[in-house]
1. Sort out which residues of the stretch 228-264 are surrounded by fewer than 21 Cβ atoms within 10 Å (Cβ to Cβ), of a type in the set (Asp, Glu) and assigned to a loop (DSSP other than H, G, I, E, B), and write them in order of number.
2. Looking at the stretch 20-56, which of the residues that are basic (Lys, Arg) and in contact (Cβ under 8 Å) with a residue 60 or more places away in the chain is surrounded by the fewest Cβ atoms within 10 Å (Cβ to Cβ)?
3. Just one of (1) surrounded by fewer than 20 Cβ atoms within 10 Å (Cβ to Cβ); (2) assigned to a loop (DSSP other than H, G, I, E, B); (3) under 16 Å from the mean Cα position of the chain (by Cα) trips up GLY120, so point out which.
4. Scan ILE205, ILE219, ILE197 and give me the residue that is aliphatic (A, V, I, L, M), on the phi < 0 side of the Ramachandran plot and in contact (Cβ under 8 Å) with a residue 60 or more places away in the chain.
5. Taking the residues in the stretch 182-195 that are among the β-branched types (Val, Ile, Thr) and touching a helix residue (DSSP H, G or I) at 6+ places or on another chain (Cβ under 8 Å) as candidates, determine which candidate is surrounded by the fewest Cβ atoms within 10 Å (Cβ to Cβ).
6. Please go through the stretch 163-181 and pick out each residue that is under 18 Å from ILE131 (Cβ atoms) and either in contact with a helix residue (DSSP H, G or I) (Cβ under 9 Å, 6 or more places away or on another chain) or buried (at least 18 other Cβ atoms within 10 Å of the Cβ) (or both).
7. Scan the stretch 130-161 for residues that are under 30 Å from ALA2 (Cβ atoms) and outside any loop (DSSP other than H, G, I, E, B) and report the count.
8. Any residue in the stretch 95-111 that is more than 17 Å from SER45 (Cα to Cα) sitting within a Cβ distance under 6 Å of a residue that is part of a helix (DSSP H, G or I)? List the pairs, counting only those 6 or more apart or interchain.
Amino acid sequence: MAEIIDGKKISQQIKDELKEKTAALRAEGKIGALAVIQVGADPASSVYVRNKKNACAYIGIESLAYELPEETTEEELLKLIAELNQKHEVKGILVQLPLPKHICEDKVIQAISPTKDVDGFHPQSVGAMTIGEPGFLSCTPAGIIQLLKRSGVEIAGKHCVVIGRSNIVGKPMALLMLRENATVTVTHSKTQNLPEICRQADILIVAMGKPQFIGAEYIKEGAVVIDVGIHRDQNNKLCGDVKFEEIEPIASAITPVPGGVGPMTIAMLMNNCVQSIEEG
């Protein structure tokens, strides 16, 4: 049976470490706030925003909430971001995605100052990560690196297969695994012989956005499986991109859904916030 990689436990360890760090920074007079902007009232977004505010409260960072109506114009949103960029006490700016269709996400991401881009989505942050320069790392991939390291999974020299090539998970994940000296293969919707390629993976990271798509035929005996997906099945129960019950007996370690990757994303967001206070 696979070891279950407990994201809740590991994220709590990280938040406890950050709580201590925040207290030490405050003692030095270094404080700062995270500005969280939500446009519209998407229920899933509201849950994520609440979790982020709670995490800020836990580690001792002030959070400023900007809850804007659905009909907010792109111009109004960009004006608010420009104002927050200028506020010294605001060390991090986070715009909850997805945005309403009439607002261009790329334009919004690029409007956030790279020094306050705690999501790690700004092209400057992505470029810095690509060449190994300091900067904010994309939270979900950075969280997965921590999950692996803190679970004692050796990364260097291992073959890692990433399923998915999104700008938020797949691409940065591949770059971070390369940084950790893994040999990386990136697969996607146009990849041929996907099961065959996946069976070569020592570490399989699944971020394809298809509920319970990956079954036993994709897994090499003893592989480590990281499931980034989060969906609701026909019984309204949370599930991931992999068939957990089918894969658990084959894998050496696996993340559950929920309680695997999800909590790590928020822990790494908090890590970026503390980094921005430290540097600012």
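The values are calculated or read from the model by the stated rules, or taken from the named source; none is laboratory data. All figures in this text were calculated on a predicted structure; none of them were measured in a lab. Here the Cβ positions follow ideal geometry from the backbone for every residue, glycine too, while neighbour counts run over all protein chains shown.
1. Correct list: ASP233, GLU248.
2. Going through the stretch 20-56, the residues basic (Lys, Arg) turn out to be 21, 26, 30, 50, 52-53.
Those left that are additionally in contact (Cβ under 8 Å) with a residue 60 or more places away in the chain: 21, 30, 52.
Working: LYS21: 18, LYS30: 15, LYS52: 23.
So the residue we want is LYS30.
3. The single condition GLY120 does not satisfy is (1).
4. Values: ILE219 fails: in contact (Cβ under 8 Å) with a residue 60 or more places away in the chain; ILE197 fails: in contact (Cβ under 8 Å) with a residue 60 or more places away in the chain.
After ruling out the rest, the residue left standing is ILE205.
5. Filtering the stretch 182-195 for residues among the β-branched types (Val, Ile, Thr) gives 183-187, 191.
Subset that is touching a helix residue (DSSP H, G or I) at 6+ places or on another chain (Cβ under 8 Å): 184-187, 191.
Numbers: VAL184: 20, THR185: 16, VAL186: 18, THR187: 21, THR191: 14.
Out of the qualifying residues, it is THR191.
6. Answer for the stretch 163-181, where residues must be under 18 Å from ILE131 (Cβ atoms) and either in contact with a helix residue (DSSP H, G or I) (Cβ under 9 Å, 6 or more places away or on another chain) or buried (at least 18 other Cβ atoms within 10 Å of the Cβ) (or both): ASN167, LYS171, PRO172, MET173, ALA174, LEU175, LEU176, MET177, ARG179, GLU180.
7. Taking the stretch 130-161 first, the residues under 30 Å from ALA2 (Cβ atoms) are 137-161.
Keeping just the survivors that are outside any loop (DSSP other than H, G, I, E, B) gives 139-150, 159-161.
The number of residues fulfilling the criteria is 15.
8. ALA111/LEU78; ALA111/ILE81
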